[in-house]
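What follows is one structure encoded as C-alpha cells, with my remarks underneath.
Each reported figure results from applying straightforward, stated rules to the coordinates on display, with no laboratory input. Because the structure is a prediction, the values reported are computed rather than measured. All Cβ positions, even for glycine, are placed from backbone atoms using ideal geometry, and neighbour counts span all protein chains on display.
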Amino acid sequence: VKTDAEWRAALTSKQYNVLRDKGTERAFTGDTWDTPPQPGEYRCAACDALLFKGTDKFVSDCGWPAFDKAIKGSIHYHTDRTFGMSRTEVTCARCEGHLGHVFEDGPKDTTGVRYCINSVSIKFKPDTASKDLATEAISETK
Ligand SMILES: [Zn+2]
C-alpha cells in the first residue's frame with residue numbers, strides 16, 4: 001500500500017487523476033478505446049495486477065475500452081451514487097485504484113455486461129507468442 005505522495009510520484013498526472021481521484025478521461029481520447037480484442041493481458045497501470053484478458057475486450061461506441069468479463073477476483077465493486085445516478089464503480093482489488101464502471105448493456109451473446117474502463121488505468125501486455133495474429137487483427141480493422 002502506497003501513501004498519497006508515493007502514488008503522485010509513481011503515476012502520471014492523468015493516471016493519478018483517474019486511479020486515485022476517480023476522474024474520468026474524455027471519451028474517444030484513450031490509447032486503447034478502439035483497439036480490437038487480441039491475445040494478451042490488461043493489467044492495472046498502478047500495481048500491475050492482472051485485470052482483463054485481451055480477448056475479452058470489445059470495441060464499444062462509448063469511447064472507452066470495454067470488456068465483457070474480468071479476471072475472477074481481480075475487481076472490487078462499489079455502489080456509486082455521484083452525479084445523481086446509481087452506478088457500479090469498479091476498482092482494482094489489489095490497490096483499490098479506480099478503473100471505471102460496469103453496466104448491464106454489454107454484448108447479449110456473451111455476458112451482457114460492459115466493463116467501461118479508463119485507458120489510463122490499464123496497460124496492455126500482448127501475448128508475444130501470438131504476436132503475428134494480433135498484428136493481423138489490428139491491420140484488418142484499420
Ligand atoms: Zn491495482
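With θ taken as phi - 60° and the Karplus curve 6.51 cos²θ - 1.76 cosθ + 1.60 applied, the whole-hertz 3J(HN,Hα) list for the range 25-39 is 6, 5, 4, 6, 10, x, 5, 10, 4, 10, 6, x, x, 7, x Hz, x standing for glycine and proline.
Per residue of the chain, the DSSP helices (runs of n ≥ 4 H) give a summed -39500 (n - 2.57) that works out to -5000 deg cm²/dmol at 222 nm. Orientation-averaged projection of the range 47-126 equals 5.4 nm² [convex hull of Cα atoms, one quarter of hull surface area]. Measuring r between the beta carbons of Arg26 and Lys72 and using R0 = 41 Å, the FRET efficiency lands at 0.85. As an exercise, use a Förster radius of 35 Å and the Cβ-Cβ distance of Asp34 and Ala9 to find the FRET efficiency, rounded to the nearest 0.05. Efficiency at R0 = 35 Å is approximately 0.65. Taking amide H as placed 1.01 Å from N in the peptide plane, the amide H of Trp64 sits under 5 Å from that of Phe28, each at least 5 places away or on another chain. Taking amide H as placed 1.01 Å from N in the peptide plane, Phe52 has its amide H under 5 Å from the amide H of Tyr42, Ile71, each at least 5 places away in sequence or on another chain. Once the C-beta distance of Ala129 and Asp61 is scaled by a Förster radius of 41 Å, the resulting FRET efficiency is 0.85 to the nearest 0.05. Among the listed pairs Lys69/Lys108; Lys2/Lys125; Lys69/Lys125, a Cα-Cα separation exceeding 22 Å is found for Lys2/Lys125.
Values of log10 I(q)/I(0) for the range 1-107 across q = 0.10 Å⁻¹ run -0.28, by the Debye formula with one identical scatterer at each alpha carbon and no solvent.
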